[in-house]
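Note sheet for the following structure.
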Amino acid sequence: MRIAARDDYDALHAQFRWLVPERFNIAEACCTRWARDARRTAIVVDHGDGRIERIGYRRLHDDANRLAAALAALGVRRGDRIAIVLPQCPETAVAHLATHRMGAVAMPLSILFGPEALQYRLEDSGATAAIVDAGQLAGLRSARTAALRHVVVVPAGGERPTLEAGEHDYGALLARARDRFPAVDTLADDPAVLIYTSGTTGPPKGALIPHRALIGNLSGFVASQNWFPRPRDVFWSPADWAWTGGLMDALLPALYFGRSIVAQRGRFAPERAFEILERHRVTNTFLFPTALKMMMKHAPEPRRRHALALRAIMSAGEAVGETLFDWCRDALDVTVNEMFGQTEINYVVGNSSLRWPARPGSIGRAYPGHRVAILDEEGRELPPGRLGEIAVHRHDRHGHPDPVFFLGYWRNEAATRAKYSGSWCRTGDLASADPDGYLWYGGRADDMFKAAGYRIGPGEIENCLVRHPSVANAAVVPRPDAERGNVVKAFVVLAPGHQPSDALVEALQQHVRGKLAPYEYPKEIEFIAELPMTTTGKVQRNVLRAREQERARADGG
């Protein structure tokens, strides 16, 4: 539902104050207070075969109590790290809630991780217990560390593997556990979640997130979802609940407000996405730009085929760009609210079409409660129009502490110190601000490159390519060149019905040349079946850059 925007931005910031209690626990806030209502649905499980299962808050609460009691009986203690290797399913929510009730630290891990990725995180964190989907048990076994004493196995699709020493069946464990487990009285500053950031250089770093960070996410969540919740709101996102986008931008906020969230397994597919949106009358969603691009190519005029109830779309992870912005507005009748944040300081910048006007191509303005600036390399604030690094201040504009901040990188004080310039936390993402405070994304600092003396940001070129009807997705990286240092190279995924050809290469080059600066058009285009992606839906340009560098070395460049 498209909304005629008013502009309450300055008034919202002036009136906003953080209300962070000294003691706060995510499990109590996201489940216990709703569990008294036996009819309130927390999770709607869409199995994909026509079966729909509704899980109430009371059941989540009871199962979390039993799991916490069972883990405590096994010797898991407050402060221990508990790995959670599960897909979108009720057991994932139960695992998080049980972990927080114990005062332990939840460490979500993607089911897409291989043994090496699992082992690094288990070893680095010193996790003592894991709750794993049966389909991922073999990988976890090969990655198991000495500290990992107990593994709880959740059946998957009827699969019940033969268990080994230190492994426990989830259902059997809950069946014999006590049904009461008083929640630990945690401080708002106590650690709650340990999420490993993918990064583009060096090994992943564990960002330690406190309970209060959920409160710090809420102003952005409410705004980007056009003042969630309303009485009939239903939330869904394909974002993996093992990542910040799925956990802190979807699952936990939906539960915090006592609303229903749809859970489904499997890879993202546009036809399945439209099916879920329509069947469950989803009103609010978080969709990565990559997902929106796939949906746009699959159904350019979706309302002719689907009866949708959408009233708000948040998008993040990559720049949305004008093409997707226009399609959401015109084809879905929803003004997409772009958002920017990262694991360490999430949900800090974005739009809210209900309360202030969006500007196509802009990632928005600082959400209420957050103070944002553009810094140069020396940590000085830059004036409007200058490209620099997005940074967030530890205090809001009223001088009050911002609760969204992470506690630091796990056992890595040097990396934590390097994240800050004084009281500013640096994001590593580039942008410029206009005089009204709207930010215009310039890409990751490590995605920028120079070609023939010009500074190139890939986002604008990629968005331009996607506007062409033959292009489903694109990624732009530098190709090393002896004369010019680098030339612009584009990896292009074609839309269905289109085939690679020299003529198409030339057509795409002319398409970009006619819309952007002459030095920005891709001198080389390579057609590719799919782009390398992180499990959070971001294009791994670093993989493509490394590929081009290796090719250049092989060619003697």
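Along segment 264-281, what does the Karplus equation 6.51 cos²θ - 1.76 cosθ + 1.60 (θ = phi - 60°) give for ³J(HN,Hα), rounded to whole Hz, x for Gly and Pro?
8, 9, x, 5, 5, 9, x, 5, 5, 4, 5, 4, 5, 4, 6, 4, 9, 6
Among residues other than residue 284 whose Cβ falls under 12 Å from its Cβ, what is the net charge (Lys/Arg +1, Asp/Glu -1)?
+3
Apply the Karplus curve 6.51 cos²θ - 1.76 cosθ + 1.60, θ = phi - 60°, to the phi angles in segment 441-451 and return the couplings in whole Hz, x for Gly and Pro.
The phi angles translate into 5, x, x, 5, 4, 7, 8, 6, 8, 10, 9 Hz.
So how tilted is helix 90-102 from the main axis of the chain? Cα-based, degrees 0 to 90, rounded to 10.
Roughly 70 degrees between the two axes.
Using amide H atoms built in the peptide plane, which far-off residues or other-chain residues are under 5 Å from residue 131 H to H?
83, 84, 85, 152
Given a 1.4 angstrom probe, I'd like the percentage of the accessible area of the chain that is carbon and sulfur, rounded to a whole number.
Values: 10900 of 22490 Å².
Carbon and sulfur: 48 percent of the exposed surface of the chain.
Restricting to the chain, compute how many DSSP beta bridges are antiparallel as a %, nearest 5. Walk me through the intermediate numbers first.
Numbers: 54 of 88 bridges.
Beta bridges within the chain, antiparallel portion: roughly 60 percent.
Using only protein heavy atoms and a 1.4 Å probe, report how much of residue 550 is accessible, in Å² to the nearest 10.
The accessible area comes out at roughly 100 Å².
In segment 108-162, if the dipole is taken from +1 on Lys/Arg beta carbons and -1 on Asp/Glu beta carbons about the Cα centre, which of 151, 110, 136 is farthest to the positive end?
151
Please list the non-local residues whose amide H lies under 5 Å from the amide H of residue 234, H modeled 1.01 Å from N, same-chain partners needing a gap of 5 or more.
Long-range HN contacts for residue 234: 283, 284.
Kirkwood Rh and Cα-based Rg: tell me the resulting Rg over Rh for the chain, rounded to two decimals. Kindly include the intermediate steps, with their values, before the conclusion.
Values: Rg = 23.4 Å, Rh = 24.4 Å.
With Rh from the inverse mean 1/r over Cα pairs, Rg/Rh is 0.96.
Can you tell me how segment 469-536 classifies by the Cα gyration tensor, rounded, prolate or oblate, using a/c under 1.5 as the rounded cut? It would help to have the intermediate numbers written out before the result.
On the way: a/c = 1.86, a/b = 1.22, b/c = 1.52.
Cα axes put segment 469-536 in the oblate bin.
So, with +1 on the Cβ of K and R and -1 on the Cβ of D and E, and no other charges, what is the size of the charge dipole of segment 435-490 about its Cα centre, to the nearest 20 debye? Intermediate results must be reported in sequence, preceding the final value.
Working: 7 positive and 7 negative charges, 31 e Å.
I would put it at about 160 debye.
With angles folded into 0 to 90 degrees, how steeply does helix 289-298 sit against the dominant principal axis of the chain? Use alpha carbons for both and round to 10.
Roughly 70 degrees between the two axes.
Mind listing the phi-derived Karplus ³J(HN,Hα) values for segment 387-392, rounded to whole Hz, using 6.51, -1.76 and 1.60 with θ = phi - 60°, and x for any glycine or proline?
Once rounded to whole Hz, the list reads 7, x, 9, 5, 9, 10.
Compute the helix-to-body angle for 541-554: its Cα long axis versus the longest principal axis of the chain, expressed 0 to 90° and rounded to tens.
Helix 541-554 and the main axis of the chain meet at about 60 degrees.
Taking 45 Å as R0, compute the FRET efficiency from the Cβ-Cβ separation of residue 552 and residue 394 and round it to 0.05.
0.60
Quick one: which residues, 5 or more positions from residue 473 or on another chain, have an amide H under 5 Å from its amide H? H modelled 1.01 Å from N in the peptide plane, none for Pro or chain starts.
Excluding prolines and chain starts, which carry no amide H, the hits are 493.
If you put +1 on each Lys and Arg Cβ and -1 on each Asp and Glu Cβ, how big is the dipole of segment 196-310 around its Cα centre, in Debye rounded to 20?
In total the dipole reaches around 200 debye.
So what does the Cα-only Debye profile of segment 392-486 read at q = 0.13, 0.14, 0.22 Å⁻¹, as log10 I(q)/I(0), no solvent term?
-0.72, -0.79, -1.14
Any idea which of 334, 98, 85 is furthest toward the positive side of the dipole for the chain, if Lys and Arg beta-carbons carry +1 and Asp and Glu beta-carbons -1?
98
If every alpha-carbon in segment 1-154 counts as one equal scatterer, what log10 I(q)/I(0) does Debye give at q = 0.13, 0.19 1/Å?
After summing over all Cα pairs, the log10 values are -0.72, -1.12.
Please compare each pair in 419/523; 205/515; 205/523; 297/523; 419/515 to a cut-off of 31 Å on the Cα-Cα distance and tell me which ones are over it.
On the way: 419/523 36 Å; 205/515 39 Å; 205/523 36 Å; 297/523 25 Å; 419/515 37 Å.
Too far apart for the 31 Å limit: 419/523; 205/515; 205/523; 419/515.
For segment 1-93, what is the accessible area per residue in Å² when the probe is 1.4 Å?
So segment 1-93 comes to 48 Å² accessible per residue, rounded to a whole number.
Using +1 on the beta carbon of Lys and Arg, -1 on that of Asp and Glu, and nothing else charged, what's the dipole of the chain about the Cα centre, debye to 20?
Details: 70 positive and 65 negative charges, 262 e Å.
Here the chain has a charge dipole of around 1260 debye.
Mind checking which of 412, 496, 368 is farthest towards the positive end of segment 359-518's charge dipole, using Cβ charges of +1 (Lys, Arg) and -1 (Asp, Glu) about the Cα centre?
368
What is the Rg over Rh value, at two decimals, for segment 92-229, using alpha-carbon atoms and the Kirkwood definition of Rh?
So for segment 92-229, dividing Rg by the Kirkwood Rh gives 1.00.
Go through 527, 221 and list them by solvent-accessible area, largest first, probe radius 1.4 Å.
Most to least solvent-accessible, the answer reads 527, 221.
Taking a ≥ b ≥ c as the square roots of the Cα gyration tensor eigenvalues, with a/c under 1.5 meaning rounded and otherwise prolate when a/b beats b/c, else oblate, which class fits segment 377-431?
oblate
Note the full-extension length gain between residue 412 and residue 53 as 0.36 nm times their separation in residues minus their Cα-Cα distance, in nm to one decimal.
The span from residue 412 to residue 53 would gain 125.0 nm if fully extended.
The values are calculated or read from the model by the stated rules, or taken from the named source; none is laboratory data. Bear in mind that the values here come from a model prediction, so they are computed numbers and not experimental data. Positions of Cβ are backbone-derived with ideal geometry, glycine not excepted, and every protein chain shown enters the neighbour counts. Quick note on the areas: whole protein, heavy atoms, side chains included, nothing else; ligands and nucleic acids left out. Shrake-Rupley method; radii C 1.70, N 1.55, O 1.52, S 1.80 Å.
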